[in-house]
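A short write-up of the structure that comes next.
The values are calculated or read from the model by the stated rules, or taken from the named source; none is laboratory data. Nothing here was measured: the structure is a model prediction, and the numbers come from that model. Positions of Cβ are generated from backbone atoms using ideal geometry, with glycine treated the same way; all protein chains shown enter the neighbour counts. Accessible surface is based on the protein model in full, side chains and every heavy atom, while ligands, DNA and RNA are left aside. Shrake-Rupley method; radii C 1.70, N 1.55, O 1.52, S 1.80 Å.
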Amino acid sequence: MQQGTLMRKVKSKSWKKQRYFKLQDDCMTIWYQSKRTGKIESAFSISDVETVREGHQSEVLQSVAEEFPPERCFTIVFYGRRGNLDLIAGSAEEAQCWVQGLRQLIEPRSFPLTSVLVSRTWIRDWFQKADKNKDGRMNFKEVQRLLKMMNVDMNEDHALRLFQAADKSESGTLEGEEFVLFYKALTEREEVLSLFQDFSEDGKKLTLLELVDFLRQEQLEEEGTEKLAMELIDKYEPSETARARHALSADGFLMYLCSPEGSIFNPQHRVLWQDMTQPLCHYFISSSHNTYLMEDQIRGQSSIEGYIRALKRGCRCLEVDCWDGPNGEPMVYHGHTFTSKIPFREVVSTLGKYAFQVGCWESRAAPGGAGVCGCAQGPTEELGAQHPRVPTSPSLTLQELKHKILLKGKKIGRLEDVLDGPGDEAPDVSDDDNGAEAEEEKRRMKKDKESLAQALSDCVVYCKSVAFQGFQEARSHSRPSEISSLSEAKARKLIRDAGNEFVRHNAWQLTRIYPSGMRTDSSNYSPQEMWNVGCQIVALNFQTAGTEMDLCDGLFSQNGRCGYVLKPPFMRDEGTLFNPSDPSTREGPGPVTLTIRVISGQQLPKVANSKDGAIIDPLVRVEIHGVPADQAHQETKYIENNGFNPHWDETLQFQLHVPELALVRFVVEDYDKTSRNDFVGQFTLAFANIKPGYRHIHLLSKDGTSIPPSSLFVHIRITE
């Protein structure tokens, strides 16, 4: 990659400033400075970058598409809620140099690092942070500063012993391999070494048979254990000699435990593992509310970035609110508010690029005008074969609808149903002589409106919107291809008054739940209570981080992140007796007991915006989200002043009456005795995806992004 490039930083069609971008020698930091003043404006770490998009793949770059070709444009997308960085290079070659270079730098971060998997880049990053005087060496004072940065309050004498042991040259400083030795000593895992020695006869290695014993006894691996042991040795043993002898060293053992195979999340459930041939109503579907909004519901920014982020997050049901715009072009925004607007065609184009798999999306349009006509033409022209024009399956099976995009909306039965809304104003009439002409104009407008509404209606093949008139009415007159939308308050009342009827209804028809209109701050309701009665499309504000989105991400992180999760058998039976308020109505085996031994934590992040030198006092809370009888939480004690390698070694136990619907959320917080605890990290997954045994839990940020190498080490047991 070039060491410095003059490029245009673009914020809008009229705001294009030249900035000089440079990758620092550490290959971890990029800064940019003003061409005019030479002042460094900002810097960001490679670890902050989620992905790089080529071409006009943002609204800002689309606005300058006529001025700059796509070959010179690219977008740097950051983790979390940080805004994108849109750039225009001086040439296509320069753009490719940066795009490919950035991708190579961010690619190795596919899984959290361990103490023996630490890359040169990772170590160099810590070294750069600690080397305050930038002389390429680290003295003991800088080591103490490093420890504070790494969230550990270590005894000064112990820190000095580690420093002196690593200082092989006896120069009083650490450099190169000496710092690597110091880092490895600092990150040594006593609890893992102890476990290793429990199964190792000589305390130095695990033979193939010893590893097989560990996998069977502790990890509860049953089939093909010897083959699995061989695969783990070949994959994670760093010593060629040990690999040749089919043995696993302590370093290899730790590498396995920190790998995907050693994760609490069953790796077999990461891929597509469920039956995908069931009717659409038999799946929970990842769903977004007002997908175009990046902020609040009143004055927030509307952006195609909302659609891109939701789709990349596995969302399968998107919302597109269409309204008539200037010059007859339909616009997408939150009607009757001050949110910004985006052209409907840009939204459809974005869906065509990013949808890939079967999805469902909703369109609303103010009747009348070319806006509705544009809405009708948009899906047909832009999406082509992805939009079904004729029914392909009366039972709405997911497999048969693969690679299709469904439009949820009103379908003309009686025309009055579609034209229910504010009509166009009649022409101003100054005297009776013009009355006949005015009536003719009104008839013409009505005819245009009817034909345009019909064009939009024709796009609705499945997911016809119908008003919910009660379960009996739905059973008598509704069809499986229809869908009703309910507010969260209405849904809660139905859950409370008729839980079993709600479950039965959702066994054969789709139900969409949306947030209360009072949630103008884009907050979310708990999706769990809606999933408990089988509601498929539980729409959340994806732009708002919190427990609710953690649950959503946790449920849909399985099954290849395809956005569809098969409901339990007792929720797919139209004659089911199940009621979430009474777990005894569930068909199947009895309750299970989940026992979690929280052992330790590794390199926990500092609390956002904390003071320099502040070190967290971490505790772990485990939450069960499920039917009312299963809702529970327990937590460990807090460990004072140690976010680097805290040890709890505490056991928490839960009884689950309906484990098929349970989600387990692990939360790390910084204890504060005078105020509310601060969030540190979390990880959420469905109970069905938990792998028993000694496992690592790789923590996520409040925005749901990975924060390597932060993790928890736990032992899991599940008994009936």
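At 7 Å along the Cα-to-beta-carbon direction for both SER194 and ALA688, put a label point, then send me their distance in nm to one decimal.
If labels sit at SER194 and ALA688, their model points lie 3.7 nm apart.
Ignoring ligands and nucleic acids, what accessible area does ARG161 show with a 1.4 Å probe (Å², nearest 10)?
Here the residue's solvent-accessible area equals roughly 140 Å².
Set the Förster radius R0 to 25 Å, insert the Cβ-Cβ distance between PHE140 and LYS184 as r into 1/(1 + (r/R0)^6), and round the FRET efficiency to 0.05.
Taking R0 as 25 Å, the efficiency between PHE140 and LYS184 is 0.90.
Over segment 190-262, with the other protein chains present, what is the accessible area per residue in square angstrom, probe 1.4 angstrom? Each step should come with its number before you reach the end.
Details: 3880 Å² over 73 residues.
Normalised by residue count, the accessible surface of segment 190-262 is 53 Å².
Leaving out ligands and nucleic acids, note down the accessible area per residue over segment 521-615 with a 1.4 angstrom probe, in whole Å².
Accessible area per residue, segment 521-615: 33 Å².
What do you reckon, how do VAL10, VAL271 stack up by accessible area (1.4 Å probe), largest on top?
Descending order: VAL271, VAL10.
When the accessible area of segment 175-293 is computed with all protein chains present and a 1.4 Å probe, what percentage of it is carbon and sulfur?
So the carbon and sulfur contribution to the accessible surface is 49 percent.
Ignoring any ligand, DNA or RNA, what whole percent of the accessible area of segment 592-719 comes from carbon and sulfur when the probe is 1.4 angstrom?
Percent of accessible area from carbon and sulfur atoms in segment 592-719: 45.
Test of understanding: extend the Cα→C-beta vector of LYS673 to 7 Å, then name every residue of segment 629-643 with backbone N under 16 Å from that spot.
637-642
In segment 255-279, whose amide N lies under 14 Å from the spot 7 Å out along Cα-to-Cβ of GLN399? List them in ranges.
So the set is 273-279.
Can you give me the Cα centroid spacing of segment 299-335 and segment 644-659 in angstrom?
Segment 299-335 and segment 644-659 have Cα centres spaced 41 Å from each other.
Under 5 Å between amide H atoms, partner at least 5 residues away or on a different chain: which partners does GLY409 have, H built in plane at 1.01 Å?
SER465
What is the extension gain from ARG82 to GLU223, computed as 0.36 nm multiplied by their sequence separation minus the C-alpha to C-alpha distance, in nm to one decimal?
Extra length from ARG82 to GLU223 when fully extended: 46.2 nm.
How much accessible area per residue does segment 5-106 have, in Å², with a 1.4 Å probe?
48 Å²
How large is the accessible surface of LEU85 in square angstrom, using a 1.4 angstrom probe and rounding to the nearest 10?
Solvent-accessible area, nearest 10 Å²: 10 Å².
Report the per residue volume, in Å³, of the convex hull enclosing the C-alpha atoms of segment 5-106.
Expressed per residue, the convex hull around the Cα atoms of segment 5-106 is 93 Å³.
Any chance you could count the Lys pairs in segment 5-106 whose alpha carbons are under 14 Å apart, treating pairs 8 or more apart or on different chains as valid?
8
Using a Förster distance of 30 Å, how high is the FRET efficiency between ASP213 and ALA629, based on the Cβ-Cβ distance and rounded to 0.05?
0.20
At a 1.4 Å probe, what is the % contribution of carbon and sulfur to the accessible area of segment 5-106?
45 percent
Give the Rg/Rh ratio for segment 190-262, taking Rg as the radius of gyration of the Cα atoms and Rh as the Kirkwood radius, to two decimals. Write out the running numbers ahead of the final one.
On the way: Rg = 10.8 Å, Rh = 11.9 Å.
The Rg/Rh ratio comes out at 0.91.
Provide the packing ranking of 300-313, 495-508, i.e. peptides ordered by the mean count of other C-beta atoms within 10 Å per residue, highest first.
Highest mean packing first, the order is 300-313, 495-508.
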